[in-house]
Structure formats: C-alpha cells, structure tokens
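The values are calculated or read from the model by the stated rules, or taken from the named source; none is laboratory data. Computed from a predicted model, the values in this text were never measured in an experiment. Methodologically, a virtual Cβ is constructed for each residue, glycine included, from the backbone with ideal geometry; neighbour enumeration extends over all protein chains shown. For the accessible areas, the whole protein counts, side chains as well, though only heavy atoms, and no ligand, DNA or RNA atoms are used. Shrake-Rupley method; radii C 1.70, N 1.55, O 1.52, S 1.80 Å.
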Amino acid sequence: MELDLSPRLPKKVYGGEGGSYFAWCPEELPMLREGNIGAAKLALEKYGLALPRYSDSPKVAYVLQGAGTAGIVLPEKEEKVIAIKKGDSIALPFGVVTWWFNNEDTELVVLFLGETHKSHKAGQFTDFYLTGSNGIFTGFSTEFVGRAWDLDETTVKKLVGSQTGNGIVKVDASLKMPAPKKGDRDGFVLNCLEAPLDVDIKDGGRVVVLNTKNLPLVGEVGFGADLVRIDGHSMCSPGFSCDSALQVTYIVGGSGRVQIVGADGKRVLETHVKAGALFIVPRFFVVSKIADSDGLSWFSIVTTPDPIFTHLAGRTSVWKALSPEVLQAAFKVDPEVEKAFRSKRTSDAIFFPPSK
C-alpha cells in the first residue's frame, strides 16, 4: 500500500456557541494510527469554557492565537490557574485535569499534539469530561453519586443534570471566573516566542526547543517539541531523526514547499503547505522545507524526549565526515567535483538563507 503523507486540515468534532473542538482523523491521515499520534485543536469564543476533563494521552498544548486562562490539576495537587497567551507551550502528562476559558474578544485557539500508545483508539485522543451532558457522573446512578458525595437525591440531580452542554459551553458574562495566580506559570508554561533561542541563524531561521530544563513536565510527557521559524525563501537543511522518532509538524504561519524522501531514494511527498496543515514524517525519512516570501513557521513534536537528528548539509553533515576517496567512488565523480562539493556549506547552520 502506498504511503499517504499528504498534509491535512482538522475536522470539527463538536461545538456550539462557546466554541469548537477539531481533530485530525486517522482515517484521513493514516500515519496518525501507524505512529500512535494524536492531534487536535480547541477554539474558544469570548466567554467560551472548555469543561473540566482528562485524557487517555499525554500531550503538549501550544497556544496558536489569543489569550485566556487555563486550569491545571495534577494528580493529588492543588489547582493551578494560569494566564495563557499566543506562543505558550504547556506539557500535559497522564492524569492531569484541565479546563480552558476565553474572556477576550479574540478567539482563543490551542493546538494539542501527543502520543496515543496507551489510548483507547490509536491515532486519536479520548477525553473524559467531569461535567456536562456526557460527564462521567451521568453514567452513575443517583444512589452511587449521592453516596460518593454524601448528598441527597435532589441535590445530586441538580448537580449532575443542570449542565446540558457538551464539552464546550458559553458562560454568562456576569460570572466571575478564577483569576490567574501569580507564580502558577512557573514550571508549567514556556512561551516559545519569548524564550531564549536554541538556534539563531541570521536571515535563516530560529528554533526554540522544549526540554526538561526549560519545561520540567516535558520529562513526564515523554516526548520533545520545538517551534521553528525560517525567513522568506530560506531553507531548512535536509535531515532525518536517527533514533527512530516520528516528526509531527503543524504549520503555524506562513507558507512554503516540503519534500520528503524515503527508502530507495523515492520522493514520497512534494507539496505546498500553509498555516493550519499538519503532516507526519515517518521514521528515518529525510525532510526539507523552503519558505515562501512570507516565511514559514511550524510547531512539532518528536516522539522521543531527547531527539537526535542527522543533517545532510552544512559543516556538521555526514558528507563532511566521509573520506574524499569514499565520496569520489560513491558519487562516481572526479576529485575536482568532490572538492567543489565538500567546500560548499562550511557553516554549522541548519537553515540556509537565499543565495545573494
């Protein structure tokens, strides 16, 4: 069966007046199921509240647009009420309960990427809601809920049955929601647009990597993430993950061209991407990107906490390490051609600005 790596847009799963929840479907993007990867997006209108929930998958959340508030409760810990804004990354391990709220005029949009190795359905997240028409306590009898909470039947029916919304609701503007608490962002959130750069190539590109040093909860999530931004007409060097990791890439902004090459030198993807698209690079496949004039930025997870990449251009590429005689024989070229090849791209850069 031919591998389909075409970028896809998400489909709406549910929603209403308060906002919508979208997800990428394994039936349309088979690599999600094959790679045990989940991807979804939450969009909240003003006064939209994503009801408290937990998931069967660890995730990284990335705020694509807007600002708002997130509530995070780790197992047997106190609630953290966090102010979130565009560029924020939040690691969400197993067992964490979250809610999301938008009190701004601008739509709040949050991307979720994660692994589904232990999920109920390969390639997609399953959320368990604490309240609402599909909340977990709607499935228990009044007797069980009453005994669990030590409440009378009338009160139980009000608590369990009053919220008829499903997943996302719009709250009354007069309801005062919790205010973010000073210091609650520490250790939970890293803003990728403000963090120190891990890579910074003039006129080329910039990278911020999420790791256990700048976001400790990444260690509990079990995979890494990064935000990459390249300038207009710049190129991201061809490279591959040499530790059997998948790369899951969401295009945050701009546009550009992508090529992926797999086994037997076969080009398995050549496409043009723009904001909103998601695609997956299989293990050991080589990928490269070239930005259009407006530049290109993407947010990725790599399915290992400490990914190792091999780049096939630049001073640190494998070509520079191989013996000249080996290259002459391998390419079947004379020494002059091999010398010209080796003398190019002598910098450590993984991003190449356009030629002047």
Compare 53, 33 by solvent-accessible area with a 1.4 Å probe and give them largest first, with all protein chains kept in place.
-> 33, 53
So, with +1 on the Cβ of K and R and -1 on the Cβ of D and E, and no other charges, what is the size of the charge dipole of the chain about its Cα centre, to the nearest 20 debye?
-> 540
Counting only protein heavy atoms and using a 1.4 Å probe, what share of the accessible area of segment 1-114 belongs to carbon plus sulfur, as a whole percent?
-> 49
Please find, in a Gaussian network model of the chain (springs between Cα atoms separated by less than 10 Å), the residue of 178, 324, 26 whose mean-square fluctuation is greatest.
-> 324
Under 19 Å Cα to Cα from residue 266, which lysines show up? Leave out anything in the same chain fewer than 8 places away.
-> 289
GNM top mover of 99, 149, 319 - the chain, alpha-carbon springs below 10 Å | 149
Show that you can apply the helix-only estimate: for the chain, add -39,500 (n - 2.57) for every DSSP H stretch of four or more residues, divide by all residues, and state [θ] at 222 nm to the nearest 500.
-> -3000 deg cm²/dmol
Counting only C-alpha contacts under 8 Å and six or more residues apart, can you give the relative contact order of the chain as a whole percent?
-> 16
Three-way shape label, segment 93-143, alpha-carbon gyration tensor, a/c 1.5 | oblate
Given the Cα-Cα distance of residue 176 and residue 103 and 0.36 nm per residue of separation, how much length would full extension add, in nm?
-> 25.3 nm
Over segment 42-132, relative contact order from alpha-carbon pairs under 8 Å, at least 6 apart, % | 45
Place a point 7 Å from the Cα of residue 17 in the direction of its beta carbon; the residues of segment 135-176 whose amide N falls under 17 Å from it are 162-176
What figure in square angstrom, to the nearest 10, would you give for the accessible area of residue 181 with a 1.4 Å probe?
-> 100
At a 1.4 Å probe radius, carbon and sulfur cover how many percent of the accessible area of segment 130-212?
-> 53
Rounded to the nearest whole Å², what accessible area per residue is found for segment 145-289 with the 1.4 Å probe?
-> 51
May I ask you to derive the FRET efficiency for residue 320 and residue 266 from their Cβ-Cβ distance with R0 = 22 Å, giving the value to the nearest 0.05?
-> 0.30
Could you calculate the contour length gain from residue 166 to residue 283, that is, 0.36 nm times the residue separation minus the distance between their Cα atoms, to one decimal place in nm?
-> 38.4 nm
How much area per residue is accessible in segment 1-120 when the probe is 1.4 Å and only protein heavy atoms are counted (Å²)?
-> 40
What ranking of 257, 342 comes out by heavy-atom accessible area, probe 1.4 Å, highest first?
-> 257, 342
Most mobile listed residue (104, 194, 325) in the chain, GNM with C-alpha springs under 10 Å | 325
If the convex hull is drawn through the Cα atoms of the chain, its volume per residue in Å³ | 149
